[in-house]
Each structure stands twice: as C-alpha cells, then as structure tokens.
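Report on the following structure.
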Amino acid sequence: MKISGGNYLELGYLDLLSSQDTPVHRLDPRAKVITVLIFTLAVISFDRYRVAALLPFVIFPLALIILGNLPLWYLLRRLAVVLPFILLVGIFNPLIDREALLQVGSVTISGGWLSFCSILLRSVLTVLTLLALVATTGFIGVCAALDMLGMPRVFSLQLLFMYRYLFVLADEGGRMARARELRSFGNRGGGIQSFVSLVGHLLLRTFDRAQKIYTAMLSRGFQGQFHLRRQIGFGYGEIVFIAGWSCLFILFRFVDIPAFVGGIITGAGR
Amino acid sequence: MSHHLVEVEDLCHVYQDGTSALNGVTFRIHHGESVAVVGANGAGKSTLLLHLNGYLLPRSGKVRVGDFPLTKATLREVRHAVGMIFQDPDDQLFMPTVYDDVAFGPFNLGLPAEEVEVRVMRALETVQISHLKDRPPYRLSGGEKRRAAIAAVLSMEPDILVMDEPSTGLDPLARRQLIALLKEFHHTKIIATHDLDMVLDLCERTIVLHGGKVMADGPTSEIFADDRLLATCRLEKPLSMQGCRTCSAK
C-alpha cells in the first residue's frame, strides 16, 4: 500500500489554473456556480434513453475550457479518476434491461445499452463541467459562492477546512508511509498490522492538530463567528452569462437539436 | 504603561495524566522588554506559554496581563493584548488565503471592514509579504509562512508578542531576516526557544526554566556566562560565545 504524493499535487495544479486571468476567471463565482447548477439540472432531467439529445451540451464545458485557457488533456485525466465509479453505476443496465429499442442496420441495441451510454455521457458532461468550474474559480471561490448563495455556514467552513488541511494531511501521511517503506526493506513492512497503526497514528495526529488549530483560533479572539471576504462583482457580464447559457440549456433540453438538424438535412433531400 | 506588563506568580500546573509541568513559576516582565524563555525539552516552556494567552487557566498561582488578572471573564482582553505566534505556522494559518488569515483576528475584534483592510495591509507590509496576500498558505515557503503567521498576529495590534520557537525550520538567511524583523518591533516580546544565538541577538533578559521551576532570571549575557547553570539545565553556551574550534585547535 503506497500513499502517493502525486495525487494531491495535481489538486494543487487545479488551484494554480484557477489563478489565471481570463474572461471566465474574472466572472463572479456565483454566476458560474448558478450556471453550472442549471446546466447540471438540464442534463440530468433527460429521459434515461436519450443519448443524442445530450450531445449539444458539450458546448458549455468546451467553452469554459477554451475561454478559460485550461489544458483539456489534464482535465480529461482528472475525469478518468471518477470514470470507474461511473462505469460501476451503469454497467448493470445492459444486463438487466434487454428490451430492444433501436435497430442500426443488422445490430439491435437494447434499452440497457442506451441508458448505459446516457449515464456515461451525462456523467462525463457534468464532471467535466465541475472540473472546469473549479479550475476557473478555485475551490475557495466555489465555497464562497455557495456560502453567499445561502449554503449553511457550517458546510462551507467544513469544506474550506477540509481543503486547507488536505495538503498537510497528505504530506504527513506521505512522510509516515515513506518512513515505513524505508525500514521495511522490500517486504511489506509488517503488512496490514503496521498499516493499521500508521493510519491510527495519522488519525491521532489529526486530533492533535485540530486541537492546536482551535487554540490558534481562540488566541486570535475566535468566538464562533466566521468572516469570509466577499468579492462582490455582480454586473451586466454576470447576468448575460447566466441568462445566455440558461436559455441555451433550455433550448437544448426541449428541442432535440441533433434530430432537428438531421431532419433539416434529410428533409431537404425529400 | 501598565498594560504592557506580564506578571506570573507562583504558577503551578499539573496535566490530567499526573505530569507536573510547572511548579511555582514567578516572574515579572515590564513594558517593552524582550525576554527569552529557555530550557530543556519538557522544562515547561510550552505549558507556560499556553497560560499566557489563556488557553490554560491557572489552577494555582496567578497570571496577570496588563490590567487584567487572567480569568475566564477577562479572556477576551487578555487575548487581545497578547499575540501568540505558534511553533508550526500550519496550525496558525487555517484560512483559505493569507489575506483572510491576517483578517481573522481583526474581524473577531469586531472592527469594521475598512479598518480591517487597513490593518491587514499594514501588517502584511510590516513583514514584507503584501504580494502574497491572495495566495493559499500551503503554497508558501517556510519563511513566508512564518512571516504570514506573524502578520496574522500583528494585525490585532497586540501589546505583547509571545513566540514559540520562531526560528525553527528556517534556512539561515530566513532566520537572519526574521531576527532583523523582530528587532524592529517595539512590543514586549516573550520568546521560547532553543536557538540561544538568536536569544543573544534579540533578548536582553533570559529566564531559564528547569523541571517546571525558574532556575535563573537575569541579563542574557550573565546567564550564558554561567557554565554550571547551563550544564545543570541541559543547556549549552551559544555557539557565538564558544570561540572558534578551528582556530583554537591549531
């Protein structure tokens, strides 16, 4: 078992991306969070056998990625991390739902495969958009936006603290794992037993640190009130961003664009 | 100016597991003094510091900070007067960005937003890291983290600065810069440390703790000249007072 330091560094990279200065980055975090929310609602509200109608939605994450100057390849790699979970959720559909729904040439496609593709596509769309959101807004910006939009303070603080100490914890865990590895000489280092004790120690250290952080907070006059800095920058740009994209999502949701375009092309021939 | 005074009288502390950390510590620190608290591991330094900002309340003995005896009722005033800089900056920098962290104290003091802004920028300029204000703390180097932690305390404009091992984990240049920075402060300073050379540079007075008691309290130069005292307290002369080994070997 190896706790790698690589993973969290990649998270740090996501943060680095969010410190760029592009039109998308400059938008108020709230505008982006609201738009992503509407996007997600539109995408997940489709009937479970719809696949083609989802395709136009890809324009939103792509627009964020291109305008926000984000490396597509990096985001796809991050996406690959969640892919196994998505596959696990959808994989049983083709086995259970065998009713034939579509005939392409001599191949019959069952409802199960259609809904599997639909799940896959929706997940890829929403996760990619979320990644683009964080990469253009920063995790802190997203938390601040949620907070300003009325998410209970307890949750936003929980998220912020988690994010802040994730790096410290990963460092600590990484150091302990390295120390263990260096003394286990290619063996498995006492196997599960020493691993359990390592994790236990990490937990105890976490308690210890929590105590210290609380002391630090107290010594600076903490009395249960938490102030987050608010950057208020809601202007025309934000309103146009939300309204424009939302209209497009609603259009995509109620008009099957690929079928419509297909209809025009084939219809013109008839 | 009695509000810069720190007075500890016959302070004892026993931890819940029965370890007795302080056995009757008494001293008095005046306005503007810079005092080092030195001693071996487990001598009681950390426990003493935890009393100075009211994290631990005296069970027996007294602590007095400025005009206030340290009790539950005066915690707010005491914590305002005493700025505590912790050993590990990661424990202290818990907010998402440097700016937010430095603003944390002033906001808790109930200051209006414009005043907070002024204080934060002033504190950041004092420690020369205003360019880092929007960075998350985990992206800073050790020296920068230390400066940010100091700014986070300065922004509350305390009268007394209490520091736990401020020079650990710093490279020689960062350490030297820190010493120069602390030298400029006119606060009353209490520094717990093993870095005796830094003590020589910064503190005119030294309190030696040993086994939870004050073994010596006096001018730094006299204390570091007392070889027997240092040996009993598991200490050593600062390197700069030891003479050059290379030269004396010849």
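The values are calculated or read from the model by the stated rules, or taken from the named source; none is laboratory data. Predicted model only: the values in this text are computed from it and were never measured. Don't worry about glycine lacking a Cβ; one is built from the backbone with ideal geometry, like all the others, and counts go over all protein chains shown.
Tallying residues that are farther than 16 Å from B:ILE207 by Cα and either touching a helix residue (DSSP H, G or I) at 6+ places or on another chain (Cβ under 6 Å) or acidic (Asp, Glu) (or both) within segment B:1-20 yields 2. Right, A:GLN193: loosely packed, with under 12 Cβ neighbours inside 10 Å and not hydrophobic (A, V, I, L, M, F, W, C) or not? The answer is yes for A:GLN193. Is at least one residue of segment A:91-114 exposed (fewer than 14 other Cβ atoms within 10 Å of the Cβ) and part of a helix (DSSP H, G or I)? Yes, because at least one residue in segment A:91-114 is exposed (fewer than 14 other Cβ atoms within 10 Å of the Cβ) and part of a helix (DSSP H, G or I).
Picking from residues in segment B:139-163 that are in contact (Cβ under 8 Å) with a residue 12 or more places away in the chain, over 30 Å from B:HIS30 (Cβ atoms) and in a helix (DSSP H, G or I), the one that is farthest from the other protein chains (Cβ to nearest Cβ) is B:GLY143.
Anything in segment B:105-116 that is more than 8 Å from chain A (Cβ to nearest Cβ) and in contact (Cβ under 8 Å) with a residue 12 or more places away in the chain? List them, or say none.
Step one: of segment B:105-116, the residues more than 8 Å from chain A (Cβ to nearest Cβ) are B:106, B:110-116.
B:PRO106, B:VAL116, listed by residue number.
Exactly one residue out of B:GLY18, B:GLY24 is more than 10 Å from chain A (Cβ to nearest Cβ) and part of a loop (DSSP other than H, G, I, E, B), and it is B:GLY18.
Of the residues B:LEU239, B:LEU230, only one is farther than 24 Å from B:LEU5 by Cα, more than 20 Å from the chain's Cα centre (by Cα) and touching a residue at least 40 places away in the same chain (Cβ under 8 Å); which?
Among B:LEU239, B:LEU230, only B:LEU239 is farther than 24 Å from B:LEU5 by Cα, more than 20 Å from the chain's Cα centre (by Cα) and touching a residue at least 40 places away in the same chain (Cβ under 8 Å).
Within segment B:56-83, if we keep just the residues that are without any contact (Cβ under 8 Å) to a residue 24 or more places away in the chain and out of contact with any Lys or Arg (no Cβ under 9 Å at 6 or more places or on another chain), the residue that is surrounded by the fewest Cβ atoms within 10 Å (Cβ to Cβ) turns out to be B:LYS72.
Each residue in segment B:55-80 was checked for being touching a His at 6+ places or on another chain (Cβ under 7 Å) and either on the phi > 0 side of the Ramachandran plot or β-branched (Val, Ile, Thr) (or both), and 2 of them qualify.
Criterion first (in contact (Cβ under 8 Å) with a residue 60 or more places away in the chain and buried (at least 19 other Cβ atoms within 10 Å of the Cβ)) does B:PRO136 satisfy it? Outline the logic, then answer.
On the way: in contact (Cβ under 8 Å) with a residue 60 or more places away in the chain: no; buried (at least 19 other Cβ atoms within 10 Å of the Cβ): yes.
So B:PRO136 fails the test.
Within segment A:33-46, the presence of a residue that is among the small types (Gly, Ala, Ser), within 19 Å of the chain's Cα centre (by Cα), under 28 Å from A:TYR236 (Cα atoms) and not in a helix (DSSP H, G or I) is excluded.
Could you run through segment B:137-155 and say how many residues are small (Gly, Ala, Ser) and either modelled with pLDDT under 90 or closer than 12 Å to B:GLY169 by Cα (or both)? First the steps, then the outcome.
So in segment B:137-155, the residues small (Gly, Ala, Ser) come out as B:141-143, B:148-149, B:151-152, B:155.
If we keep only those that are either modelled with pLDDT under 90 or closer than 12 Å to B:GLY169 by Cα (or both) too, we end up with B:141-143.
The qualifying residues number 3.
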